[in-house]
Every structure is written in C-alpha cells, then in structure tokens.
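Have a look at the structure below before the remarks.
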Amino acid sequence: MTWCESGGTGSRAFLLLHGLGATAAVWSGVRRVIEQRALGRWFAPDLGGHGGSAWQRHYTVGGHAAEVAELVCGSPELFAIGHSLGAYIALALASRWFGVEVAGVLGIGPKITWSEADLQGSRDIASRPVRWYATAEEASARYRRASGLEPSVAPTEEWLARGVVQGEEGWRLSQDPRTFGVAGAPFDSLVT
C-alpha cells in the first residue's frame, strides 16, 4: 500500500517525490505554494518502505515508479519533481515504461556517481536490523540526521510527519533499512 496525500485543483498535476529516508512531508511548503497560486493538483506519496507506506521484500527504482504511476495514471499534464531518489523515480516515469505521460521532470540533487565505498556503505545499512529508541525524541533526532532534515532545513514538525513510528520495542524510524538497496542505480540509463 502506498500512502499518498493530494490536493489542489485543475488539469495540471505535480507529483512530488521525496528522497531516500524522508517522507512526503518534506514537500509541505511546495504543496502550499501550488495551492496558493492555483497552479494545479499535487500528489505527494510516501515511497514504499518510508513513512506511511508498506515495507516490501525488495526495493528498486522501477518498483517505486510502478507504485506511484498508479497514483497519477491519467493525469493529462503531469510534472514530476523529485529529490535525490525521487529524481530517479521521476525519470523512470518519464520513460513511459509505466504507462504515465510526463510533461516535465525537475530532479533536485540526485547522486549520479557512486564509489565502491558508497555502495558498500549502502549495502551495510540495508542489511542492518531495525534500530529501536527508548523515546520519540531520540528517534526523531536520529530521523533528522538520517534524512538530512536538520532544524535549519525543516524548522517545524510538519516536515517530519511519519518519519518515526512507535512499536512494541519503543520508537524507530519508519524507513525500512532495506530501502538503501536502491543505491547505485544507473542514472545514465534514465537520461537520454
């Protein structure tokens, strides 16, 4: 199940795709601007293994693209805006492999070169068990560090929504560590 918020009106649509480790809440300011300026509709999903979306056995750029394609299929004028991992997914959607027509893509900060150390670090994180924290505050502090949402970037709690969850063993990040398995996807295969 893919968790998604949407809003706005009109024929133009914006698909807002967060980066690895974050949730759709990072687009709070952008969503407000789209609505205030009546630019169109917006869709902001939590990618699989993040936030309110279900965890999966395996994560790929194509798998994420297939999930979000279902949310926007049939949108006549669709613009995909993605940060980091979200840029990869936006480009995959623009390939037309997923039955979606994309009018434009804006990619913000995708990592396009991966050293062997980067790849090994991502594999190491992907293989780790979930880490539990005694308090919501500890888990939230870790979420800020892991997602790059320091207070100077995300000053209010609204941008941290669904980043941590409570379970039987305490609090944890909502992100499945296995999502780091997408690291190293071949960026050049998505850009023509």
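The values are calculated or read from the model by the stated rules, or taken from the named source; none is laboratory data. This structure is a prediction, so every number in the text was calculated from the model and none was measured. Heads up, the Cβs are rebuilt from the backbone with ideal geometry, glycines too, and the neighbour counts pull from every protein chain shown. For accessibility, only protein heavy atoms count, side chains too; no ligands or nucleic acids. Shrake-Rupley method; radii C 1.70, N 1.55, O 1.52, S 1.80 Å.
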(request) Could you let me know the centre-to-centre spacing of the stretch 6-35 and the stretch 104-122, using Cα atoms, in angstrom? (result) 22
(message) Can you classify the stretch 36-142 as rounded, prolate or oblate using the Cα gyration tensor, where a ≥ b ≥ c are the square roots of its eigenvalues, rounded means a/c under 1.5, and otherwise it's prolate if a/b beats b/c and oblate if not?
(response) prolate
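In Å², and per residue, what accessible area does the stretch 12-107 have when probed at 1.4 Å with the other protein chains present?
Numbers: 3780 Å² over 96 residues.
Ligands and nucleic acids excluded, the figure is 39 Å² per residue.
Counting only protein heavy atoms and a 1.4 Å probe, tell me what percentage of the stretch 19-163's accessible area is made up of carbon and sulfur. Let's see the in-between values first.
On the way: 4070 of 7270 Å².
Of the solvent-accessible surface of the stretch 19-163, carbon and sulfur hold 56 percent.
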(request) Counting only DSSP beta bridges with both residues in the stretch 1-136, tell me the antiparallel percent, nearest 5. (result) 25
(request) Please give the contour-minus-distance gain from E70 to E150: 0.36 nm per residue of separation, less the Cα-Cα distance, rounded to one decimal in nm. (result) 25.6 nm
(message) Can you give me the angle between helix 85-94 and the longest principal axis of the chain, using Cα atoms only, in degrees from 0 to 90, rounded to the nearest 10?
(response) 30
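Would you tally the net charge around G74, using a Cβ to Cβ cut-off of less than 13 Å, leaving G74 out, and scoring K and R as +1, D and E as -1? Each step should come with its number before you reach the end.
Working: positive: R41; negative: E70, E77, E101.
Neighbourhood net charge equals -2.
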(request) Would you mind classifying the chain by shape? Square roots of the alpha carbon gyration tensor eigenvalues, ordered a ≥ b ≥ c; an a/c under 1.5 is rounded, otherwise it is prolate if a/b is larger than b/c and oblate if not. (result) oblate
(message) Looking at the stretch 1-58 only, what percent of DSSP beta bridges run antiparallel? Nearest 5 please.
(response) 60
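Looking only at the stretch 69-192, where both bridge partners belong to it, what percent of the DSSP beta bridges are antiparallel (to the nearest 5)? Don't skip to the end; give the middle numbers.
Working: 5 of 10 bridges.
Once the DSSP bridges in the stretch 69-192 are tallied, antiparallel ones form about 50 percent.
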